[in-house]
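Notes to accompany the following structure.
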Amino acid sequence: MQMKKRLSQIPFQESVDSWESLMFLYNSAIREVRTKLDILNDEFQHIHRYNPIEYIESRLKSPESIMKKLTRHGYETTMQNMVDHVSDIAGVRLVCSFTSDIYRIAEMICNLRQFEVVKIKDYIKQPKQSGYRSYHIIVNVPIYTTTDIVYTKAEIQIRTIAMDFWASLEHKIQYKFEGNTPVQISRDLRSCADIVSMLDEKMLSLNEEISQANPGRSEE
């Protein structure tokens, strides 16, 4: 009989084998999330003749990024601290056309019985100081091994194409300046984030006008 466990309940030794086992679980969580989201998108297309998801990306956080995050938050760089305090090692990003799609997709994800929602962060209604906007859902994903069911955390980010463009640029700038972005550039980035937000609102409004003018026509 398979035993249900949370990843945080498993004691880890500081070894290569433990690291590889951890990465196997996180990578499996990414695959599980992507598969479920692909099915949701196909189902939505079948029922509504509309795909809310433009594309899906995923990544496994690098060891260097994990260590930097732990150090930044004042934790020792151990595997146990990594499991306990870093929620975005397994990351999946959904990019859609309109802000209305974001909340529609988020509701669908939260209603999935397979995932356990741990935390929701709405950076669209409450943007970060940098101007960053996105919708984050942290979930526990059941990974079925031959002996156990291990619930492993994954972070799902949902954003529009415009938000994703801004976030990509901001990430490159932060990397270039090693987190010490000049004040004027940070100010310009926040200004651009506001423009992106207004663009999203305008595009959503236009889409709603088109839908009302052609109520019988499927969105493509």
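The values are calculated or read from the model by the stated rules, or taken from the named source; none is laboratory data. Predicted model, so just to flag it, every value in this text is computed and none were measured. Note that each Cβ is placed from the backbone with ideal geometry, even for glycine, and that neighbours are counted across all protein chains shown.
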- For segment 73-94, does any single residue satisfy the condition of being over 27 Å from residue 190 (Cα atoms), hydrophobic (A, V, I, L, M, F, W, C) and exposed (fewer than 15 other Cβ atoms within 10 Å of the Cβ)? no
- Note on the structure: Reported set for segment 56-72 where residues are surrounded by fewer than 11 Cβ atoms within 10 Å (Cβ to Cβ) and over 16 Å from residue 27 (Cα atoms) is 64, 72
- Item | Count - residues of segment 1-60 that are within 18 Å of residue 139 (Cα to Cα) and either among the aromatic types (Phe, Trp, Tyr) or modelled with pLDDT of 85 or more (or both) | 24
- Any idea which of 87, 65 is farther than 30 Å from residue 204 by Cα, at pLDDT 90 or above and assigned to a helix (DSSP H, G or I)? 65
- Condition check for residue 81: in a loop (DSSP other than H, G, I, E, B), of a type outside the set (D, E, K, R), in contact with a Phe, Trp or Tyr (Cβ under 7 Å, 6 or more places away or on another chain) and under 22 Å from residue 137 (Cα atoms): no
- Query: Quick one: would you say residue 115 is more than 13 Å from the chain's Cα centre (by Cα) and either β-branched (Val, Ile, Thr) or under 24 Å from residue 197 (Cβ atoms) (or both)?
  - Reply: no
- Which residues, counting only those in segment 120-136, are charged (D, E, K, R) and either surrounded by 14 or more Cβ atoms within 10 Å (Cβ to Cβ) or within 12 Å of the chain's Cα centre (by Cα) (or both)? 121, 122, 133
- Item | Of the criteria (1) under 12 Å from the mean Cα position of the chain (by Cα); (2) buried (at least 20 other Cβ atoms within 10 Å of the Cβ), which one residue 101 fails | (1)
- Query: If you scan segment 140-163, which residues turn out to be buried (at least 20 other Cβ atoms within 10 Å of the Cβ), over 24 Å from residue 85 (Cα atoms) and among the polar types (S, T, N, Q)?
  - Reply: 160
- Task: Out of 117, 95, report the one residue that is under 24 Å from residue 45 (Cβ atoms), part of a strand (DSSP E or B) and at pLDDT 95 or above.
- Result: 95
